[in-house]
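Taking it in order: structure first as structure tokens, then the write-up.
The values are calculated or read from the model by the stated rules, or taken from the named source; none is laboratory data. Predicted model, so just to flag it, every value in this text is computed and none were measured. Glycine also receives a Cβ, built like all others from the backbone with ideal geometry; neighbour counts cover every protein chain displayed.
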Ligand code: SF4
């Protein structure tokens, strides 16, 4: 990747982020504190797409921060793709909220909000052209693969994403954190299997694995 191409992509992303920041296409565009465009390497081989910003993301204007974000960072580090080397974003760029009467709580984005915001996500994919898209959580996966997609049955399988880019869905880090005991161990095992597939697609695999290679541990992101 030439320096000129990198600079162009960074410029294009910065311009697009400014457009998103002015966007009020949905009502949540007026209730958010910050737009959360996404962040990371403009030339990333891996794009991670989550559902939408939560309270902390809205406050900081950054995707995947807080406990779920920290777990995502550990997951990415476990496959030798540190956060700074990937591009991280969401299906919607504003925090979807519901007024409980006493506070604004997080909620899932509506189909209309996802549809409204989709051009921004498509533009990000077009600019970055990642080699792999990792959709985290059912809403993100469904936004690419349709309402009938089942995260429990179809995670860990490869699909053709936008622009023909290989796309795999796995559990959202927030879902992992909600598990306890054996369920958490099992979910982590599945996510680790998914991550290894992602790593193998993103990086050029060695011709043959060394016979004495140390066994890989999903506990790397414990
Ligand atoms: S969610 Fe997307 S489309 Fe809707 S107001 Fe925010 S930036 Fe605009």
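Report yes if residue 85 is without any contact (Cβ under 8 Å) to a residue 60 or more places away in the chain and more than 23 Å from residue 161 (Cα to Cα), otherwise no. The answer is no for residue 85. Going residue by residue through segment 13-36, is there one that turns out to be touching a residue at least 24 places away in the same chain (Cβ under 8 Å), more than 10 Å from the ligand (Cβ to nearest atom) and within 23 Å of residue 173 (Cα to Cα)? Yes - at least one qualifying residue is present in segment 13-36.
Could you say which residue among 182, 146 is farther than 22 Å from residue 89 by Cβ and over 16 Å from the mean Cα position of the chain (by Cα)? Among 182, 146, only 182 is farther than 22 Å from residue 89 by Cβ and over 16 Å from the mean Cα position of the chain (by Cα). Restricted to segment 1-116, the set of helices (runs of 4 or more DSSP H) holding at least 1 residues that are under 29 Å from residue 131 (Cβ atoms) comprises 3-22, 55-60, 66-78. Taken as a whole, the condition of being surrounded by 13 or more Cβ atoms within 10 Å (Cβ to Cβ), under 30 Å from residue 193 (Cα atoms), away from the ligand (no atom under 12 Å from the Cβ) and modelled with pLDDT of 95 or more applies to residue 46.
When we screen 68, 141 for residues that are under 22 Å from residue 199 (Cα atoms), out of contact with any strand residue (DSSP E or B) (no Cβ under 8 Å at 6 or more places or on another chain) and in contact (Cβ under 8 Å) with a residue 12 or more places away in the chain, the only hit is 68. Check segment 57-65 and report whether any residue there is more than 12 Å from the ligand (Cβ to nearest atom), touching a helix residue (DSSP H, G or I) at 6+ places or on another chain (Cβ under 6 Å) and touching a residue at least 40 places away in the same chain (Cβ under 8 Å). Yes: segment 57-65 contains one or more residues that are more than 12 Å from the ligand (Cβ to nearest atom), touching a helix residue (DSSP H, G or I) at 6+ places or on another chain (Cβ under 6 Å) and touching a residue at least 40 places away in the same chain (Cβ under 8 Å). The condition (being in a helix (DSSP H, G or I), surrounded by 18 or more Cβ atoms within 10 Å (Cβ to Cβ) and touching a residue at least 24 places away in the same chain (Cβ under 8 Å)) is satisfied by just one residue among 127, 133: 127. Inclusion of residue 95 among residues that are in contact with a helix residue (DSSP H, G or I) (Cβ under 6 Å, 6 or more places away or on another chain), within 27 Å of residue 194 (Cβ to Cβ) and within 11 Å of the ligand (Cβ to nearest atom) is warranted.
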